[in-house]
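The structure under discussion appears below in the form of structure tokens.
All of the numbers you see were taken from the coordinates with simple rules; none came from a lab. Nothing here was measured: the structure is a model prediction, and the numbers come from that model. All Cβ positions, glycine included, derive from the backbone under ideal geometry; neighbour counts span all protein chains shown.
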Amino acid sequence: MNHKQSYKRIAIKVGSNVLTGTDGKLDIGRISHLVEQINRVRELGIDVVLVSSGAVAAGRAVLSETNKMDAVSARQLWSAVGQVKLINIYAELFAKHGLYCAQVLTTKENFSDRRHYLNMKNCISTMLDNNVIPIVNENDTISVTELMFTDNDELSGLISSMMGCQALIILSNVDGIYDGNPNEETSSVIPEIIASSRNYERYILMQKSGFGRGGMHTKYSVARKIALEGIDVFIANGTRNDIITGILNEEDIPFTRFQPNGKKLKSSKKWLAHSDSFAKGVAIINEGASDALFDMKANSLLLIGVTALDGFFKKGDVIRIQDESGNQLGLGKSQYNSDEAKELIGKKARKPLIYYDYMFLYE
Ligand code: GLU
């Protein structure tokens, strides 16, 4: 089946290096062409959530001569000025197609709280229900240093998972993942990567390109993680004409597709899959418990299989699951606070530490 027939909703991430020209300024012609493609995708009956970078680059292009500032202040100033410019350009261009777009600025912290997460999901769903194109970016004015996403690639992964998209298209200024050094003629783009295999890691070169934070390394790890959740992921060159529609029509153009895992994750598990950095504690489990979790049956994690607990957490907080050699096995929502749970270590208890439905296990 042709991709466009199987998709109802997709996320598209556009990097700063697609949106800006060699002079560092926003490339209106390029943005206009992207908007035109998004319009065509929507005409096929597919919802689009756009994750767009470019705020910092746009701000820097107009305010390059500034008073002395540290790097954090400069990023805050440029993103605040640039985001206004960027969203105005999108609004004008979408209006030409009779469409409204809306701005969603978010932070990593918003994903750590399930209530904020659901509010954000509800807000974007409402936009889509009303034919409004959500344009998401990180709120760079408040997310600094450790609170930041690695880059917008990471954000686009979270958004596509949260919004139940069938596909995520990550656009930068390279054609995809190469089987060697992209600058050498003998290298070519790998058309398909099987997400569950680790065989491709040797090809990932640490190549940073122009503006923006993300390199191919983060694109690869985000793409793999998202594909393992059952979502089709494409890494492609956003500076090529008709790239988005070309991917959906399965045309013979260069891009890398991550073949997803067959099984789709439930929505409560999707949130957990991305909650590692919010975990408040660790449960160390014995071999028997680990075997039970990875069994074909849907087993919950019982306190009888727990050998130690670290950290202070409340009931409902996310905790990591580790084996006795320190391997990370997964994440789950604790049904006890840490004090209660610590008293019941190794014992038979009334309810499990983590219910199966609120547990995400790594492959
Ligand atoms: N949020 C940043 C911006 O809009 C970009 C982050 C990234 O490069 O991934 O400029």
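Quick rundown of the values:
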quantity: In degrees, nearest ten, helix 114-129 long axis to first principal axis of the chain (Cα); calculated: 40
quantity: Fewest-first ranking of THR150, THR66, using other Cβ atoms within 10 Å as the exposure measure; calculated: THR66, THR150
quantity: Proxy reagent accessibility, fewest Cβ within 10 Å first, across ILE354, ILE133, ILE194; calculated: ILE194, ILE133, ILE354
quantity: Taking ASP129, ASP232, ASP317, ASP242 and counting other C-beta atoms within 10 Å, the order from fewest to most; calculated: ASP129, ASP242, ASP317, ASP232
quantity: Sites LYS315 and GLU251 - FRET efficiency at Förster radius 51 Å, r taken between beta-carbons, to 0.05; calculated: 0.50
quantity: Cα-based reach from LYS266 at 13 Å (exclusive), listing aspartates and glutamates while leaving out same-chain residues under 8 positions away; calculated: GLU229, ASP357
quantity: From phi via Karplus (6.51, -1.76, 1.60), per-residue ³J(HN,Hα) for the stretch 282-295 in Hz, x at Gly/Pro; calculated: 9, 10, 8, 10, 7, 4, x, 5, 5, 4, 5, 5, 8, 5
quantity: When each of LYS8/LYS108; LYS263/LYS314; LYS225/LYS264; LYS8/LYS280; LYS25/LYS225 is checked by Cα-Cα distance, pairs over 24 Å; calculated: LYS8/LYS108; LYS263/LYS314; LYS8/LYS280; LYS25/LYS225
quantity: Spread of Cα-to-Cα distances over 5 Å intervals beginning at zero, given as percent, for the stretch 1-44; calculated: 5, 19, 24, 18, 14, 11, 6, 2, 0
quantity: Label point distance in nm, ASN241-THR150, each placed 7 Å from Cα along Cα→Cβ; calculated: 3.5
quantity: Acute angle (nearest 10 degrees) that the helix 216-228 long axis makes with the longest principal axis of the chain, alpha-carbon atoms; calculated: 60
quantity: Helix-only CD estimate at 222 nm, as mean residue ellipticity for the chain, using -39500 (n - 2.57) per DSSP H run (n ≥ 4); calculated: -10500 deg cm²/dmol
quantity: Between helix 28-43 and the chain: long-axis angle, C-alpha atoms, 0 to 90°, nearest 10; calculated: 60
quantity: Cross-link pairs LYS270/LYS351; LYS269/LYS351; LYS219/LYS333 - those with Cα-Cα distance over 26 Å; calculated: LYS219/LYS333
quantity: Anchor LYS315: aspartates and glutamates whose Cα lies under 12 Å away (excluding residues fewer than 8 positions away in-chain); calculated: ASP339, GLU340
quantity: Full-extension gain in nm, GLU43 to ILE28, via 0.36 nm per residue minus C-alpha separation; calculated: 3.2 nm
quantity: Span from the the stretch 294-363 Cα centroid across to the the stretch 146-179 one, whole angstrom; calculated: 30
quantity: GLN5-ARG198 pseudo-label distance in nm [points 7 Å out on the Cα-to-Cβ vector]; calculated: 3.8
